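The values are calculated or read from the model by the stated rules, or taken from the named source; none is laboratory data. This is a predicted model, so every value here is computed, not measured. Ideal geometry is used to build each Cβ from the backbone, glycine not excepted, and the neighbour counts take in all protein chains shown. For the accessible areas, the whole protein counts, side chains as well, though only heavy atoms, and no ligand, DNA or RNA atoms are used. Shrake-Rupley method; radii C 1.70, N 1.55, O 1.52, S 1.80 Å.
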Amino acid sequence: MSPTLGELFDSFEREAFRLETLDDYSKSGSVEAYTAFLAGEEKPQDYNADWLAEVSAHVGEGRRVYRVHALSRPLTPYLRFELGWGYVTNSSAGEEFFILDTTEQTSPLVGIGDFWMFDETFPVTMDYRDGAMTGCTTQATERAAEFVAYRETALAYAVPFSDWWGKFGG
């Protein structure tokens, strides 16, 4: 039986990589924080505390947690929230972020959806509808090389988040 997403987060040994391709994840977590962001409220001191603790523990043990988000400008309200509150905050725990900006270039990943990949062995595809995650599927390890190639392509076209944010963000 294939490991679940939660089991993979608990057991990965070297790296957890995420490809994000959507402009809206507003119903997939942090719904209250997103509502506060839209209302112009300040980011709470304890925003994303559980994720920060998890990432910090992984990074402290020498494991890498990183992601590429393929997006185009102008940013949707949700992306302004995710990048401005989420990425900036999560970076403090050691999570690494990269942006593949398709505003002035064609995406090299057309048709590739969201996924997590653990230790270059366990890809987990993510399904979303209207900003809500509807499921995820751990793919056969025989498909790992395919997802490694997607990751390498994404990273080849992406820039570090801090560089991109300094130019186009808040």
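Looking at segment 74-86, can you tell me whether even one residue there is farther than 21 Å from T125 by Cα, open to solvent by 30 Å² or more (accessible area, probe 1.4 Å) and in contact with a helix residue (DSSP H, G or I) (Cβ under 6 Å, 6 or more places away or on another chain)? No, the conditions are met nowhere in segment 74-86. Those residues that are out of contact with any Asp or Glu (no Cβ under 8 Å at 6 or more places or on another chain) and of a type in the set (A, V, I, L, M, F, W, C), I need them from segment 76-92; list them, please. Listed by number, the residues that qualify are F81, L83, W85, V88.
Any residue in segment 118-129 that is of a type in the set (A, V, I, L, M, F, W, C) and loosely packed, with under 12 Cβ neighbours inside 10 Å?
Scanning segment 118-129, I find no residue that is of a type in the set (A, V, I, L, M, F, W, C) and loosely packed, with under 12 Cβ neighbours inside 10 Å, so the answer is no.
Tell me which residues, restricted to segment 136-166, are within 16 Å of the chain's Cα centre (by Cα), under 22 Å from S2 (Cα atoms), of a type outside the set (D, E, K, R) and open to solvent by less than 20 Å² (accessible area, probe 1.4 Å). The answer is F147, and nothing else. Residues of segment 92-110 that are surrounded by 15 or more Cβ atoms within 10 Å (Cβ to Cβ) and β-branched (V, I, T): I99, T102. All conditions but one from (1) free of Cβ contacts under 8 Å to residues at least 60 places away in the same chain; (2) surrounded by 14 or more Cβ atoms within 10 Å (Cβ to Cβ); (3) on the phi < 0 side of the Ramachandran plot apply to A53; the one that does not is (2).
With the structure loaded, tell me whether Y66 is touching an Asp or Glu at 6+ places or on another chain (Cβ under 6 Å) and either crowded, with 17+ Cβ neighbours inside 10 Å or closer than 21 Å to F168 by Cβ (or both) or whether it fails that test. Even if it seems obvious, please write down each step before you answer.
Numbers: touching an Asp or Glu at 6+ places or on another chain (Cβ under 6 Å): yes; either crowded, with 17+ Cβ neighbours inside 10 Å or closer than 21 Å to F168 by Cβ (or both): yes.
Against the criterion (touching an Asp or Glu at 6+ places or on another chain (Cβ under 6 Å) and either crowded, with 17+ Cβ neighbours inside 10 Å or closer than 21 Å to F168 by Cβ (or both)), Y66 qualifies.
Among the residues of segment 1-50, those that are out of contact with any helix residue (DSSP H, G or I) (no Cβ under 6 Å at 6 or more places or on another chain), open to solvent by 70 Å² or more (accessible area, probe 1.4 Å) and among the basic types (K, R) comprise R14, K27.
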